[in-house]
Structures are given as C-alpha cells and as structure tokens.
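**Q** Dropping the structure in here first, questions after.
The values are calculated or read from the model by the stated rules, or taken from the named source; none is laboratory data. Everything quoted here is computed from the prediction, not taken from an experiment. Cβ sites come from the backbone with ideal geometry, for glycine too, and all protein chains shown count toward neighbours. Note: accessible area is taken over every heavy atom of the protein model, side chains too, but ligands, DNA and RNA are not part of it. Shrake-Rupley method; radii C 1.70, N 1.55, O 1.52, S 1.80 Å.
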Amino acid sequence: MLFTLSAMKVLIALLVCFLLTGCAPKPEPSIDQATVVSKNASLRQKNSSTSRTLRVLEIGEKVEVLKHQDNWYRVRYGPDVEGWMEESTVITSETKNRIQQAVAASQSLETQNTAVLKQDANLRIDPGRSTSILRRLESGAKVEVLDRVTKPRPGSDAAHDMWLKVRPTPTEVGWMLSSALDFDIPAGIAPYSEEYVYPAVKILNRVEDPVAGQVNWYVVGERKPGSDPALDFEGIRVFTWNMKKHRYETAFRTKGMRGVYPLSVGMEEANPTIHVRELAEDGVTKISKDFVMYGVIVRQKDANTETPKHKGTKKAGR
C-alpha cells in the first residue's frame, strides 16, 4: 500500500509538471538572427532612443530578430530578455547575404574617386532615406566612390537627393547621401580647383621630375556645387606637369558637358586615353566620347583631325 501511494505521488507530480509545461506560453518565433556591430549598443524597452535601456550589448553578440519596424528591430537576447534595437546597431543574416551580393556585383565598377565623411552618416543598403541601415560611419572615415543616383527628396516637389554608392571596406558596399561627403582632391592640383568639386579623379600618366620626383598627370571630372543633380560632372580637365617650371598646368579643359559616371582612362599604344559618357537631353541615353593624348596635346577621337590651336599648355590656374 505504501509503495502504491508513493507511486501515485510520483505520477501526480509528473502529471502536474507536464500540464504546467504544456500550458506555458511558447516563445515567439524569430524571423532572423542578427549580430551586434556597434559599441555599447542599447537594447531598449521601446522603439525610441529615449526609452529605458534594458541591456548594453557589445560588438559580436547575437540576438534573435522578432520584428522589423521602421528603423528598429524587436529582438530577443538570451532566453528571456526582449526589447528594441536601432537598425544601425545590428546586422541581420539576410542583410549580410545582400551585402555579399552587392560586393560581388560591384567588383567590376571602377573607383571614381575617394571621399571623406564630414559628419557621422548612415550607410544604407539601397539609396533612399527610409531604406535599411547597414551601419553608421563616423566623421573622418574614408570611402571609395563607385556610382551615383539621384532620387526625389521625400516630402518635396522640387528637391532631389544625390546618393553615392560607396565602398568603405573591401567587404562592404552601400549608399550614402552625397551631402555627407567631401570628395578628395590630390594635393598637387588642389590649389587650382577654383572652388570646383572633383567627383572623378583618374591618373593618366606618371613622369619623373629631377626636382619633384615622381609626379602624376590627372584627368578630373569637375562640377560646381549646386549644379544639375542629374549630372556627375560638367566638364573634364587634364593636368600635366611642366618639367622646366616644375608645376602643374592645364593641358585640356571642357565646360558645358553633361558628364555621368564612369569616367575611364586607358592606354592606346603609349598614349593615354580618356573615355567620357554624356547624358542626352532625354535623361536616359548616354553618349560616349573618347579622347587621346599625344604628348600634352589632347584630341577627341573620331573628330575632325585639325591641328590644335594651342601649341603648349596653360598654367593650371587659367
């Protein structure tokens, strides 16, 4: 009888345990996994930057993604801590896959120039103010510029946003507002920029000066701030080096061009070449133009082969 009572007590205890386990609420299923990519990332009670911080997570820690809403993820950390994290502080598995695809697709794109962030800014997976944020880059970070698109600014009938496709590291590609970046200008030609910005800078040639050492020749795509947002540059300018005067000079310059990326250079036998694309008035068609250098003389290919009017080069400042 005692054995029977003991057995009954065990069975009842097991039954109660089973019932309690079966009735307990199941955890919400996750839709993705994510890795923390920002230092001291806050896991907050609500999707607000002023909401109470539940945990502070470090780079490399893992969370389960339960929901995506605007620029926030609702996540679960460990077995029982749930809250919200800003999109820029984590990277999901899905986003990692998209980045890998974007990096692979961008391998063939030529770097047009480099640029430096003049303020903290978001690196986004697609161009647009509401697209997913990959991470936040700090002021002073340097990126390679690959491409540009122009989109209407949300909430405006006339304004547009210029978005640059950039490569911050060899394993990352994303989009940033052009207003957050300053294009680099090589130090040697910076004094001659005349307040133009240089969205494209390419090395055409290298010469050895007995005084200055090795010096680059450049072709740049130049534009004035505030010009047509559909264009990348409004003209090209070729800088060569005067070996006697030991200074840069302008060998060739065009204005009024409707230039768009990419600006390319190459070699034809021993002569540097320049390939330019212009946007037609229809806003879609791109017209190719090719130039070739003979010494410091630049000629457009497939054009009338008349003798250039200038016999030499001009000072870079002219």
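**Q** Within the range 234-249, can you find the residues that are within 17 Å of Ile203 (Cα to Cα) and surrounded by fewer than 18 Cβ atoms within 10 Å (Cβ to Cβ)?
**A** Once the filter is applied, which keeps residues that are within 17 Å of Ile203 (Cα to Cα) and surrounded by fewer than 18 Cβ atoms within 10 Å (Cβ to Cβ), the range 234-249 yields Asn242, Arg247.
**Q** Would you confirm whether or not the range 120-143 contains a residue that is over 29 Å from Leu43 (Cα atoms), within 15 Å of the chain's Cα centre (by Cα) and open to solvent by less than 40 Å² (accessible area, probe 1.4 Å)?
**A** yes
**Q** Looking at Gly140 and the list (1) in a loop (DSSP other than H, G, I, E, B); (2) modelled with pLDDT under 95; (3) not aliphatic (A, V, I, L, M), which single condition is not satisfied?
**A** The failed condition is (2).
**Q** List the pairs whose first member sits in the range 23-36 and is within 13 Å of Pro79 (Cβ to Cβ), whose second member is modelled with pLDDT of 85 or more, and whose Cβ atoms are under 7 Å apart, counting only residues at least 6 apart or on separate chains?
**A** What qualifies is Glu28/Leu66; Ser30/Glu64; Ser30/Val65; Ser30/Leu66; Ser30/Arg76.
**Q** Only one of (1) charged (D, E, K, R); (2) touching a residue at least 40 places away in the same chain (Cβ under 8 Å); (3) assigned to a helix (DSSP H, G or I) is not met by Asp147, so which one is it?
**A** Condition (3) is where Asp147 drops out.
**Q** A follow-up question, please. When the residues of the range 77-95 are filtered to those that are assigned to a helix (DSSP H, G or I) and open to solvent by less than 80 Å² (accessible area, probe 1.4 Å), which remaining residue is nearest to Ser48 (Cα to Cα)?
**A** The extreme case among them is Glu87.
**Q** Next question, about the same structure. Could you list all residues from the range 151-166 that are under 17 Å from Gly128 (Cβ atoms) and either open to solvent by 80 Å² or more (accessible area, probe 1.4 Å) or over 9 Å from the mean Cα position of the chain (by Cα) (or both)?
**A** Within the range 151-166, Lys151, Pro152, Arg153, Pro154, Gly155, Ser156, Ala159, His160, Asp161, Met162 meet the criteria.
**Q** Those residues that are open to solvent by less than 50 Å² (accessible area, probe 1.4 Å), at pLDDT below 95 and of a type in the set (S, T, N, Q), I need them from the range 272-318; list them, please.
**A** Within the range 272-318, Thr313 is the sole residue that qualifies.
**Q** Residue by residue through the range 97-119, note down the ones that are open to solvent by less than 80 Å² (accessible area, probe 1.4 Å) and charged (D, E, K, R).
**A** Correct list: Glu110 only.
**Q** Among the residues of the range 100-120, write down those that are hydrophobic (A, V, I, L, M, F, W, C) and at pLDDT 95 or above. Show your work before the answer.
**A** Here is the first cut: in the range 100-120, the ones hydrophobic (A, V, I, L, M, F, W, C) are 102-105, 109, 115-117.
Residues satisfying the conditions are Ala115, Val116, Leu117.
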